[in-house]
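J.: The structure follows.
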Amino acid sequence: MAEELRSQQMYGLRVHELKLGATREEGGSRSKVFKIGNQAAMPFLFKEGEIPYAPIIAAEVYDVPDDDWPQSLAEDLKGVSKNPVDWAAMMAEDAGADLVCLKLQGIHPDFGDKNSKDAGSLATALLKRVKTPLIILGCGQGDKDNEVLPYVSEVTKGERLLFGCVVQENYKTLTAACIADGHNIIAESPIDVNIAKQLNILISDIGMPQDRIAINPTIGALGYGLEYAYSIMERARSAALSGDKMLAMPFICFVGQEAWRAKEARVSEAESPLWGNARERGVMWEAMTAIAMLQAGADILTMRHPKAIKIVKAAIAELMKR
Amino acid sequence: MALSGLEIYKLLPKTNCKKCGFQTCLAFAMQLAKKAVPIDKCPFVAPDVRVILEQASQPAIRLVEIGSGDNKVSVGNETVVFRHEEKFHHPSAIGFLLEDDASDAELNRALDEISKLQFERVGQNIKVDLIALRQKSGKDMFLAALSKIKKVVKLGIVLMPASLDTLKAALEFCGEERPLVYCSDAALLDSFAGVCKERRLPLAFRKPDMNGFSEQTKRFTQQGFSDIVLDIAQNSTSERLWQLTQARRSAVKKGERSLGFPTMAIVETGDEYQAMVQAAAYVTKYASIIILRSRKPEYILPLLTLRQNIFTDPQKPLQVEPNVYTVGTAGEKSPVLITTNFSLTYYTVLGEIEASRIPAYLICVDTEGMSVLTAWAAEKFTPERIADTLIRFELGRIVKHKNLIIPGYVAMMSGDLEEKSGWKIFVGPREAAGISSYLKNL
Ligand code: SF4
């Protein structure tokens, strides 16, 4: 028998291994913890290099209810969406999300202007209720995030959570807090490999270890610029595996928040009869956005709809068969 | 795989005799590499070298055409592994698996559903491409189903007959069309290939691994038959992705001709959701043809949208022509909005204005196809450019007011723009979704 015909790509570097959550022995209180990254191959190509960990899914939970949800989301999350603690518990326990991503939208001056104490006690309440690590996101308004997030970091000290997002123009305050409190950080760049790299360098220069940084490449939803982030991720990951340490961080992709903004995920069947069932369409819009990101190299997906989470979880299990 | 000028030079006589019209063999080689001159210009190329050069000028992955006329689908001819290296050329053809033992009612319903699967997105018509008919009953049933399909839908056809006899009868039926012939029985492969070669039809078949494909395609090409599609077998999704990646990479990176053919993935996973997300993975990773069972529009629209995204040329984002577009019955008092000429931005904004039912003018500034924020960062959506655009499109003659609504994301330029243009600037919402209510509350 002739030798097997093969085109094998071997790489010199692995992605950094990022640890999420700390157990009691490690100084935290999580009973479920995760490792991500550390792969030596492009997505799901097990024959080329080790891929030790499966990508994980974080359920998107908001501190203030969103009144702009399409009908399907509003119905399927009815009963929990007004209470972030119940919401998180439902997603982690029933929907099968691996962990919870808490977005502190309510600290934004225009959306509730909650203060550090509110945010801190919500984070602690969540940590009490769920066993998983948390991802904690600010509201995107730099000054307010710099005021609130360091406080939340401090009251959750030692839990090894993931905080975000820092950007090139505003990274020092939150990064310093996360370094001090033993957390990981999300570095956000606007669909740009060079800025992603530059920001990782800046963050590590002030003392954040490289294995505590995750890259947010700023994805677009399916049909809304998804292909830009898709290619940026493929480029960054190829460069990382070929030796660029400063791009060798795991990716986090905010799938749910993007997918559910898409018109196709929102419009009712009555408005667009040719597009079919609205609930299923929205779920599939989110699931396929997630699948494309997985193929581009995503390590953490944040997702919203319980059914979409179940579909993508099962798909990940299938993709991880080696 | 294409040879470089230097590689071609090494194969030339290197005498610099100038018969080809160039000063040196090297100069000629460089032009050959660019395909700017035919090889015949040099009378001294050795016959074996000519064969090498001709082969090298073939695409790494063969172009295969299915169907004819309006239904023609081209697959293959891909040149890269990652879309950022150039682009993906031919969108995966999406098709549906039907079986001839379906009842009349079932078949009618299926065809009715399939014929509705076309959608308008960002100015493009996106639609499904193929119907695959698999033989499970006798020849007559197969032919009856085929005739019904041909009557009802205008799509390319994949014939999956179980015998040579059925194949021949079905081909009589197909006339001038060029169906893709699929051979599911290894024992029939040679006879099917014989028929396809004679009638110049493409043939798809399955082998367990790359070696199996390679040996088979070498045999076929030696016989002068190379309209081949590789059907990558259903194993685990990751194994199938591995094989799809292997075929693509071996062909375009290593010049492995025996694997340089379009690929096919038939998705028969029972769970409909899993089947759809699997198909999505194969759109991103290298399946030239994907055959499915599910045909619900709520699943097919996302799949076709994904295909549209992945097969967009990364160097040329879809653009619309910079211009003033009239929405509804706009007149001299109607509001004026401005945005970029990135087609996704344009169509999203346009859709929201239409939804508001308020007639308006929408100006597209030439930002070379960049979205609002990107264009602003790249200085393609600046107060100067916007002011120029207002003059160039003579907005002063179109409306009798000087109020301009700009995207919320560029609120910071309002003052500067007001000064440069002399128009009064209103800051619209950041997200297109807010436009409709913004216009209603003007
Ligand atoms: S005709 Fe052939 S041998 Fe003569 S210069 Fe041209 S390439 Fe060289």
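J.: For region B:52-59, state whether one or more residues are more than 10 Å from the ligand (Cβ to nearest atom), surrounded by 14 or more Cβ atoms within 10 Å (Cβ to Cβ) and closer than 30 Å to B:I126 by Cα.
T.: Yes; the residues of region B:52-59 include at least one that is more than 10 Å from the ligand (Cβ to nearest atom), surrounded by 14 or more Cβ atoms within 10 Å (Cβ to Cβ) and closer than 30 Å to B:I126 by Cα.
J.: Could you figure out which of (1) in a loop (DSSP other than H, G, I, E, B); (2) more than 10 Å from chain A (Cβ to nearest Cβ) isn't true of B:I338?
T.: (1)
J.: May I pose another question? Among A:G276, A:G297, A:G282, which is the only one that is at positive phi, at pLDDT 95 or above and buried (at least 24 other Cβ atoms within 10 Å of the Cβ)?
T.: The unique qualifying residue is A:G297.
J.: Limited to region A:156-170, what total is found for residues that are touching a helix residue (DSSP H, G or I) at 6+ places or on another chain (Cβ under 6 Å), among the hydrophobic types (A, V, I, L, M, F, W, C) and within 19 Å of A:L99 (Cα to Cα)?
T.: So the answer is 1.
J.: Which residues, counting only those in region A:150-159, are touching a strand residue (DSSP E or B) at 6+ places or on another chain (Cβ under 8 Å) and in contact (Cβ under 8 Å) with a residue 40 or more places away in the chain?
T.: A:V152, A:E159
J.: Which ones in region B:412-442 are exposed (fewer than 15 other Cβ atoms within 10 Å of the Cβ) and either over 42 Å from the mean Cα position of the chain (by Cα) or aromatic (F, W, Y) (or both)?
T.: If the condition is that a residue be exposed (fewer than 15 other Cβ atoms within 10 Å of the Cβ) and either over 42 Å from the mean Cα position of the chain (by Cα) or aromatic (F, W, Y) (or both), then B:G415, B:E419, B:G422, B:K424 are the ones that fit.
J.: In addition: Can you go through B:P13, B:P43 and tell me which one is surrounded by 14 or more Cβ atoms within 10 Å (Cβ to Cβ) and not in a helix (DSSP H, G or I)?
T.: Exactly one residue qualifies, and that residue is B:P13.
J.: Could you count how many residues in region B:310-343 are modelled with pLDDT of 95 or more and under 17 Å from the mean Cα position of the chain (by Cα)?
T.: 2
J.: In addition: Evaluate the following for B:D70: is it in the same structural domain as B:L155 (by TED's automatic domain parsing) and either basic (K, R) or more than 18 Å from B:R200 (Cα to Cα) (or both)?
T.: yes
J.: Against the definition (away from the ligand (no atom under 12 Å from the Cβ) and more than 30 Å from B:H89 (Cβ to Cβ)), how does B:P43 come out, yes or no?
T.: no
J.: Keeping to region B:218-230, report how many residues are more than 19 Å from the chain's Cα centre (by Cα) and in contact (Cβ under 8 Å) with a residue 24 or more places away in the chain.
T.: Qualifying residue count, region B:218-230: 9.
J.: For region B:385-402, what are the residues that are in contact with a Leu (Cβ under 9 Å, 6 or more places away or on another chain) and more than 12 Å from B:I363 (Cβ to Cβ)?
T.: Those that are in contact with a Leu (Cβ under 9 Å, 6 or more places away or on another chain) and more than 12 Å from B:I363 (Cβ to Cβ): B:G396, B:K402.
J.: Would you pick out the residues in region A:97-129 that are in contact (Cβ under 8 Å) with a residue 60 or more places away in the chain, outside any helix (DSSP H, G or I) and not charged (D, E, K, R)?
T.: Across region A:97-129, the qualifying residues are A:A97, A:L99, A:C101.
J.: Condition (residue is buried (at least 24 other Cβ atoms within 10 Å of the Cβ), within 13 Å of another protein chain (Cβ to nearest Cβ), in contact with a strand residue (DSSP E or B) (Cβ under 9 Å, 6 or more places away or on another chain) and at pLDDT below 95) applied to region A:218-228: is it met by at least one residue?
T.: Scanning region A:218-228 turns up at least one residue that is buried (at least 24 other Cβ atoms within 10 Å of the Cβ), within 13 Å of another protein chain (Cβ to nearest Cβ), in contact with a strand residue (DSSP E or B) (Cβ under 9 Å, 6 or more places away or on another chain) and at pLDDT below 95.
J.: Let me ask something additional. Between a first residue in region A:67-79 that is touching a residue at least 12 places away in the same chain (Cβ under 8 Å) and a second residue that is assigned to a loop (DSSP other than H, G, I, E, B) and of a type in the set (F, W, Y), which pairs have beta carbons less than 8 Å apart while being 6 or more apart in sequence or on different chains?
T.: From residues that are touching a residue at least 12 places away in the same chain (Cβ under 8 Å), the pairs are A:W69/A:W260; A:P70/A:W260; A:L73/A:W260; A:L77/A:W69.
J.: Scan (1) within 16 Å of the ligand (Cβ to nearest atom); (2) surrounded by fewer than 14 Cβ atoms within 10 Å (Cβ to Cβ); (3) at pLDDT below 90 for the single condition B:V37 breaks and write down its number.
T.: Result: B:V37 fails condition (2) only.
J.: Can you name every residue in region B:353-387 that is hydrophobic (A, V, I, L, M, F, W, C) and in a helix (DSSP H, G or I)?
T.: Those that are hydrophobic (A, V, I, L, M, F, W, C) and in a helix (DSSP H, G or I): B:I353, B:A355, B:V372, B:L373, B:A375, B:W376, B:A377, B:I386, B:A387.
J.: If only one of B:L390, B:L350 is away from chain A (no Cβ under 14 Å), buried (at least 21 other Cβ atoms within 10 Å of the Cβ) and farther than 22 Å from A:A292 by Cα, which one is it?
T.: B:L390
J.: Quick check on A:A248: is it at the interface with another protein chain (Cβ under 9 Å from one of its Cβ atoms), in contact with a strand residue (DSSP E or B) (Cβ under 9 Å, 6 or more places away or on another chain) and of a type in the set (G, A, S)?
T.: No, not satisfied.
J.: Another question about this same structure. Need pairs with beta-carbon distance below 7 Å; first residue closer than 16 Å to B:K10 by Cβ and within region B:38-51, second among the charged types (D, E, K, R) and within 11 Å of the ligand (Cβ to nearest atom); sequence gap 6+ or separate chains.
T.: The qualifying pairs are B:C42/B:K19.
J.: Restricting to region B:10-23, name every residue that is more than 13 Å from B:A46 (Cα to Cα) and either charged (D, E, K, R) or near the ligand (Cβ under 6 Å from one of its atoms) (or both).
T.: B:T15, B:N16, B:C17, B:K18, B:K19, B:C20, B:F22
J.: Let me ask something else. Looking at region B:251-285 only, could you name the residues that are touching a residue at least 40 places away in the same chain (Cβ under 8 Å), within 25 Å of A:E318 (Cα to Cα) and either surrounded by fewer than 21 Cβ atoms within 10 Å (Cβ to Cβ) or at the interface with chain A (Cβ under 8 Å from one of its Cβ atoms) (or both)?
T.: Scanning region B:251-285 gives B:E268, B:Q278, B:A281, B:K285.
J.: Filter the strands (runs of 3 or more DSSP E) completely within region B:74-172 down to those with at least 1 residues that are charged (D, E, K, R).
T.: In region B:74-172, B:93-99, B:118-121, B:124-127, B:130-134 are the strands (runs of 3 or more DSSP E) which contain 1 or more residues that are charged (D, E, K, R).
J.: Looking only at region A:1-56, filter to residues that are over 28 Å from B:S214 (Cα atoms) and among the hydroxyl-bearing types (S, T, Y); which one of those is surrounded by the fewest Cβ atoms within 10 Å (Cβ to Cβ)?
T.: Going through the qualifying residues, I end up with A:S31.
J.: Can you list the helices (runs of 4 or more DSSP H) lying wholly within region A:164-281 that have 3 or more residues being under 19 Å from the mean Cα position of the chain (by Cα)?
T.: A:172-181, A:193-205, A:226-241, A:255-259
J.: Specify which of the listed residues (A:I57, A:I36) is within 14 Å of chain B (Cβ to nearest Cβ), among the aliphatic types (A, V, I, L, M) and in contact (Cβ under 8 Å) with a residue 40 or more places away in the chain.
T.: Exactly one residue qualifies, and that residue is A:I57.
J.: Turning to a different aspect of this structure: Check region B:82-97 and report whether any residue there is within 16 Å of the ligand (Cβ to nearest atom), among the aliphatic types (A, V, I, L, M) and in contact with a Gly (Cβ under 9 Å, 6 or more places away or on another chain).
T.: Within region B:82-97, none of the residues are within 16 Å of the ligand (Cβ to nearest atom), among the aliphatic types (A, V, I, L, M) and in contact with a Gly (Cβ under 9 Å, 6 or more places away or on another chain).
The values are calculated or read from the model by the stated rules, or taken from the named source; none is laboratory data. For clarity, every value in this text was computed on a predicted model and none was experimentally measured. Every residue, glycine as well, gets a Cβ built from its backbone with ideal geometry; the counts of neighbours run over all protein chains shown.
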